[in-house]
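Have a look at the structure below, then the notes.
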Amino acid sequence: MAATPPKDRPNRYTYAEAGVDIDAGNELVRAIGPLAASTRRTGSDAALGGFGGLFDLAACGFKDPVLVAANDGVGTKLKVAIDANIHDTVGIDLVAMSVNDLIVQGAEPLFFLDYYATGKLHVDVAREVVAGIAEGCRQAGCALIGGETAEMPGMYAKGDYDLAGFAVGAVERDQILPRGDVAPGDILLGLSSSGFHSNGYSLVRRIVEDQRLSYSAPFPHGDGVSIGEALLAPTRIYVKAMLRAIRETGAVKAMAHITGGGFVENIPRVLPDGVSVEIDGASWKMPPVFRWLMELGGIDDAEMGRTFNCGIGMVVVVAGKDAEKVATVLADAGETVQRIGRLTEAAAGAPRVAVKGALGSRP
C-alpha cells in the first residue's frame, strides 16, 4: 500500500528538493537567447524556446542539395576545463569537431544544436559554455537553432558537466567530396592546428596528474599563459577558409580532418583503393605544446603520431599543378599552409601512410 503524505505536509516532495531547478533552467534560456541570436544566418531566425529548431533550406539558394550531418563531443578535455575553471572555450571545440567533419565532404554548415548535461545547473558556467558554442557557430557561419539542457542529480560528480553537439550542412550533389579523381601524384597540403584540438586528453591529463602540475601554473613555453590555458586552446575551425578554396579554385579533391588516430587513421578514409600516402615529417615544425608534453611524458614518435595531430589539423588533397593556387587562397583566408607529402601507388603489404622522419620535426 502506498504511503500517504501527512495532512500538514501535502506537498512533501518537490522536483527542486530532488535536485532539479526548473527556475535555473528558465534563467539559462533567457541568458543564452542573445547568444543564439548572434549566430543568425540566411535560413534561420535563431530563436530559442520552441520544441524544435526551424531552418529554411530553400532560402540558401541550393539547387540540388544533399544534407550532411555530424555529431561529436569534446571528450575529457572537459575535465581540464572544469579543473582549470575555464569554460568559455570548450564550446568552440564542440562546434569545431562537427563542422570540420562536414567541410571534408564539401558541405557548408547550416545549423547546430547542443546538449548540455550536468548534475546541478550553474547558470553562470553554462552560459560561458554556450557563449563558446555561439562563437564557434559564428566562426563556422552556422546558426545555433536549439539544444537541450539536462539537470540530472546523481549522474555526475559535483561540478562536472558533459557536452554533445550536432551539426547539419548541405552540399550540391555534384560537389560532394572526396572526388573520384584522387590519384598517385597528388599533393598533400597541411593546415596548421591550434594545439591538441579535442583529442588525446586522457593521456594529457594522466601526464599532468603524474607530474603533479597545476593548471594554474605558468606554461613554460607560453607568453604569460597558464598550463590550463595552453591546453585549452580551442580547436581551429577550417570551414570558411576551405569553402573559399573549394569555390574559388574548384581544385580541392579531398580533405581529412586529423583527429584521434592522427594521420595513420584519418587520411586513408578519403583514399581510393590502390593509393597510399608519403608524408615528410620535416615539412613543418611541431608547436611547443606538443614538444612540452612529449618530453614531460617521455612519449615516443609513434605514440605521438597515432594520438595527436602534431600540428596539422586538416589535410587537403590537390593535383600537383593546383597546389600553389589552393595554398595561396588558403593563406589569404588566414591559414598556415605547408606541403607535407604526396600520394603514391600502394605497395602490397606496405602501410597506407608512410612517414619520413618524425612528424613535425622541422628544425
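The values are calculated or read from the model by the stated rules, or taken from the named source; none is laboratory data. What you see is a predicted model; the values in this text were computed from it and never measured. Heads up, the Cβs are rebuilt from the backbone with ideal geometry, glycines too, and the neighbour counts pull from every protein chain shown. What goes into the accessible areas is simple: the full protein's heavy atoms, side chains included, and nothing from ligands, DNA or RNA. Shrake-Rupley method; radii C 1.70, N 1.55, O 1.52, S 1.80 Å.
Restrict the check to region 329-352 and report whether at least one residue is assigned to a helix (DSSP H, G or I), surrounded by 15 or more Cβ atoms within 10 Å (Cβ to Cβ) and not charged (D, E, K, R).
Here is the first cut: in region 329-352, the ones assigned to a helix (DSSP H, G or I) are 329-332.
Next, only the ones that are surrounded by 15 or more Cβ atoms within 10 Å (Cβ to Cβ) stay: 329-330.
Add one more test, that the residue is not charged (D, E, K, R), and what stays is 329-330.
Yes, the conditions are met somewhere in region 329-352.
For Phe55, work out the one condition from (1) in a loop (DSSP other than H, G, I, E, B); (2) open to solvent by 10 Å² or more (accessible area, probe 1.4 Å); (3) within 14 Å of Tyr161 (Cβ to Cβ) it doesn't fulfil.
Against the list (1) in a loop (DSSP other than H, G, I, E, B); (2) open to solvent by 10 Å² or more (accessible area, probe 1.4 Å); (3) within 14 Å of Tyr161 (Cβ to Cβ), Phe55 comes up short only on (3).
Checking the structure you have, find out if any residue of region 257-272 is modelled with pLDDT of 95 or more, outside any loop (DSSP other than H, G, I, E, B) and in contact with a helix residue (DSSP H, G or I) (Cβ under 7 Å, 6 or more places away or on another chain).
Yes: region 257-272 contains one or more residues that are modelled with pLDDT of 95 or more, outside any loop (DSSP other than H, G, I, E, B) and in contact with a helix residue (DSSP H, G or I) (Cβ under 7 Å, 6 or more places away or on another chain).
Among the residues of region 187-218, write down those that are touching a strand residue (DSSP E or B) at 6+ places or on another chain (Cβ under 9 Å) and open to solvent by 10 Å² or more (accessible area, probe 1.4 Å).
Scanning region 187-218 gives Ile187, Ser192, Ser193, Ser194, Ser198, Ser214, Tyr215, Ser216, Ala217, Pro218.
So Ala233 passes all but one of these: (1) touching a Ser or Thr at 6+ places or on another chain (Cβ under 6 Å); (2) in a helix (DSSP H, G or I). Which condition number does it fail?
(2)
Here is a check on your reading of the model: is Pro10 at pLDDT below 95 and part of a loop (DSSP other than H, G, I, E, B)?
Numbers: at pLDDT below 95: yes; part of a loop (DSSP other than H, G, I, E, B): yes.
So Pro10 passes the test.
Would you point out which residue out of Lys158, Lys120 is out of contact with any helix residue (DSSP H, G or I) (no Cβ under 9 Å at 6 or more places or on another chain), over 18 Å from Thr39 (Cβ atoms) and either modelled with pLDDT under 95 or open to solvent by 10 Å² or more (accessible area, probe 1.4 Å) (or both)? Show your work before the answer.
Numbers: Lys120 fails: out of contact with any helix residue (DSSP H, G or I) (no Cβ under 9 Å at 6 or more places or on another chain).
Every option except Lys158 fails the conditions.
Which residue, of Met294, Met242, is assigned to a helix (DSSP H, G or I), farther than 27 Å from Gln105 by Cβ and not charged (D, E, K, R)? Write out each step before concluding.
Details: Met242 fails: farther than 27 Å from Gln105 by Cβ.
Met294 is the lone residue from the list that is assigned to a helix (DSSP H, G or I), farther than 27 Å from Gln105 by Cβ and not charged (D, E, K, R).
Residues to consider are Met314, Met304, Met294; find the one that is of a type outside the set (Val, Ile, Thr), open to solvent by less than 40 Å² (accessible area, probe 1.4 Å) and closer than 20 Å to Leu243 by Cβ.
Numbers: Met304 fails: closer than 20 Å to Leu243 by Cβ; Met294 fails: closer than 20 Å to Leu243 by Cβ.
Of Met314, Met304, Met294, the one residue that is of a type outside the set (Val, Ile, Thr), open to solvent by less than 40 Å² (accessible area, probe 1.4 Å) and closer than 20 Å to Leu243 by Cβ is Met314.
Quick check on my filter: what residues within region 61-110 are in contact with a strand residue (DSSP E or B) (Cβ under 8 Å, 6 or more places away or on another chain), hydrophobic (A, V, I, L, M, F, W, C), surrounded by 24 or more Cβ atoms within 10 Å (Cβ to Cβ) and not in a loop (DSSP other than H, G, I, E, B)?
Val90, Leu94, Val95, Met97, Val99, Leu102, Ile103, Leu110
Go through region 116-129 and give me each residue that's part of a strand (DSSP E or B) and either more than 19 Å from Pro234 (Cβ to Cβ) or of a type in the set (Lys, Arg) (or both).
Kept after step one, since they are part of a strand (DSSP E or B), are these residues of region 116-129: 116-118.
Within region 116-129, Ala117, Thr118 meet the criteria.
Could you please give the count of residues in region 33-48 that are modelled with pLDDT under 75 and either in a helix (DSSP H, G or I) or open to solvent by 70 Å² or more (accessible area, probe 1.4 Å) (or both)? So that I can check it myself, show each step before the final result.
Going residue by residue through region 33-48, those that are modelled with pLDDT under 75 are 45-48.
Now drop any that are not either in a helix (DSSP H, G or I) or open to solvent by 70 Å² or more (accessible area, probe 1.4 Å) (or both), which leaves 45.
Adding up the residues that qualify gives 1.
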